[in-house]
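Peer 1: Starting off with a structure, shown below.
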Amino acid sequence: MARRETAASVAAVAALPRRKSTVREYAEALGVALLLALAIRTFVVQAFKIPSGSMLPTLQIGDHILVNKFVYGPRLEIPLTQLSLGQLPGLRKPRPGDVVVFVYPNDRSKDFIKRVVAVEGQTIEVRNRRVYVDGQPADDPHAHWSRRHEGGPGDNMPAFTVPPEHIFVMGDNRDQSYDSRFWGPVPMRDVKGLATIIYWSWNGPDRWVRWERLGRLVE
């Protein structure tokens, strides 16, 4: 009887390292997965949800989008904060027509999404809702006005030259967008990435779902 108990004790002790090894393997796998997810979120792509109607009809309220972070150069942040540690080189700079996500200058706890209308060195002006860049009418096919008549606060804006390393952004829904017309240009260091894909949209009275690459809307 004593021998059987001793044998059982030895078996239990022998199994203990195996259990610890299994737990350690799971912990290491979880750690690697978390690091990989953080690396992808920091350097490659990040998901965002559209909270407002400032980009209607291009982006609906509640749309879930993917933002390409390496095209402009990943913005390095302290995890779970908006504090920047610098920015890596990118493939190109933002250009007019791009839809970008950036840190809102007046409240750095928030992210905004708007369309680039002008870049550094360009002069932008708004006259009677019409956008002019460097004195010429801009190609502005995505602009949407919900009001029938002019006279709103964003319908006119004096000429403004975008400073170096900044972009001038506006929402497609011009009457319902709080953008560079009111608070100025966005520093490039605050740009998080280029909106590329709507991967989930639940919208409208028919509650339809869509998957859509933004394509020409951002190229």
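Results for (1) touching a Pro at 6+ places or on another chain (Cβ under 6 Å); (2) modelled with pLDDT under 80; (3) closer than 21 Å to LEU56 by Cα, shown as yes or no for each residue.
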site: GLU150; (1), (2), (3): no, yes, yes
site: PRO153; (1), (2), (3): no, no, yes
site: GLU165; (1), (2), (3): no, no, no
site: PHE168; (1), (2), (3): yes, no, yes
site: ASP175; (1), (2), (3): no, no, yes
site: ARG181; (1), (2), (3): no, no, yes
site: ALA195; (1), (2), (3): no, no, yes
site: TYR199; (1), (2), (3): no, no, yes
site: ASN203; (1), (2), (3): no, yes, yes
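Peer 1: Output the residues belonging to the stretch 166-187 that are open to solvent by less than 90 Å² (accessible area, probe 1.4 Å), under 19 Å from PRO105 (Cβ atoms) and part of a loop (DSSP other than H, G, I, E, B).
Peer 2: From the stretch 166-187, those open to solvent by less than 90 Å² (accessible area, probe 1.4 Å) are 166-175, 177, 179-187; that's our starting set.
Now drop any that are not under 19 Å from PRO105 (Cβ atoms), which leaves 166-171, 177, 179-187.
Within the stretch 166-187, GLY171, SER177, ASP179, GLY184, PRO185 qualify.
Peer 1: Filtering the stretch 45-70 down to residues that are in a loop (DSSP other than H, G, I, E, B) and of a type in the set (A, V, I, L, M, F, W, C), which residue is surrounded by the most Cβ atoms within 10 Å (Cβ to Cβ)? Reasoning before the result, please.
Peer 2: Applying the first criterion (in a loop (DSSP other than H, G, I, E, B)) to the stretch 45-70 yields 50-63, 69-70.
Keeping just the survivors that are of a type in the set (A, V, I, L, M, F, W, C) gives 50, 55-56, 59, 61, 70.
Numbers: ILE50: 20, MET55: 27, LEU56: 18, LEU59: 25, ILE61: 14, PHE70: 16.
Among them, the one singled out is MET55.
Peer 1: Restricting to the stretch 128-146, give me the number of residues that are open to solvent by less than 80 Å² (accessible area, probe 1.4 Å) and either assigned to a loop (DSSP other than H, G, I, E, B) or among the β-branched types (Val, Ile, Thr) (or both).
Peer 2: Pass one, the stretch 128-146, residues open to solvent by less than 80 Å² (accessible area, probe 1.4 Å): 129, 131-133, 135, 137-138, 140, 142-146.
Still in the list and also either assigned to a loop (DSSP other than H, G, I, E, B) or among the β-branched types (Val, Ile, Thr) (or both): 129, 131, 133, 135, 138, 140, 142-143, 145-146.
Residues that pass the stated criteria total 10.
Peer 1: Is it the case that the stretch 145-154 has a residue that's without any contact (Cβ under 8 Å) to a residue 60 or more places away in the chain and in contact with a strand residue (DSSP E or B) (Cβ under 6 Å, 6 or more places away or on another chain)?
Peer 2: Scanning the stretch 145-154 turns up no residue that is without any contact (Cβ under 8 Å) to a residue 60 or more places away in the chain and in contact with a strand residue (DSSP E or B) (Cβ under 6 Å, 6 or more places away or on another chain).
Peer 1: Can you find even one residue in the stretch 111-125 that is in contact (Cβ under 8 Å) with a residue 24 or more places away in the chain, buried (at least 19 other Cβ atoms within 10 Å of the Cβ) and more than 25 Å from ILE65 (Cα to Cα)?
Peer 2: Looking through the stretch 111-125, at least one residue is in contact (Cβ under 8 Å) with a residue 24 or more places away in the chain, buried (at least 19 other Cβ atoms within 10 Å of the Cβ) and more than 25 Å from ILE65 (Cα to Cα).
Peer 1: Looking at (1) in contact with a strand residue (DSSP E or B) (Cβ under 7 Å, 6 or more places away or on another chain); (2) open to solvent by 70 Å² or more (accessible area, probe 1.4 Å), which is the only condition ASP98 fails?
Peer 2: All conditions are met except number (2).
Peer 1: Determine which single condition ARG115 fails, assuming it passes every other condition in (1) among the basic types (Lys, Arg); (2) touching a His at 6+ places or on another chain (Cβ under 8 Å); (3) assigned to a loop (DSSP other than H, G, I, E, B).
Peer 2: Unmet condition: (3).
Peer 1: So, of the residues in the stretch 71-104 that are under 12 Å from VAL191 (Cβ atoms) and part of a strand (DSSP E or B), which turns out to be nearest to the chain's Cα centre (by Cα)?
Peer 2: Looking at the filtered set, the residue picked out is VAL101.
Peer 1: Exactly one condition in (1) outside any loop (DSSP other than H, G, I, E, B); (2) open to solvent by 10 Å² or more (accessible area, probe 1.4 Å); (3) in contact with a Phe, Trp or Tyr (Cβ under 9 Å, 6 or more places away or on another chain) is not met by PRO153; state its number.
Peer 2: Among (1) outside any loop (DSSP other than H, G, I, E, B); (2) open to solvent by 10 Å² or more (accessible area, probe 1.4 Å); (3) in contact with a Phe, Trp or Tyr (Cβ under 9 Å, 6 or more places away or on another chain), the lone unmet condition for PRO153 is (1).
The values are calculated or read from the model by the stated rules, or taken from the named source; none is laboratory data. Bear in mind the structure is a predicted one, so any value in this text is a computation, not a measurement. Positions of Cβ are backbone-derived with ideal geometry, glycine not excepted, and every protein chain shown enters the neighbour counts. Accessible surface is based on the protein model in full, side chains and every heavy atom, while ligands, DNA and RNA are left aside. Shrake-Rupley method; radii C 1.70, N 1.55, O 1.52, S 1.80 Å.
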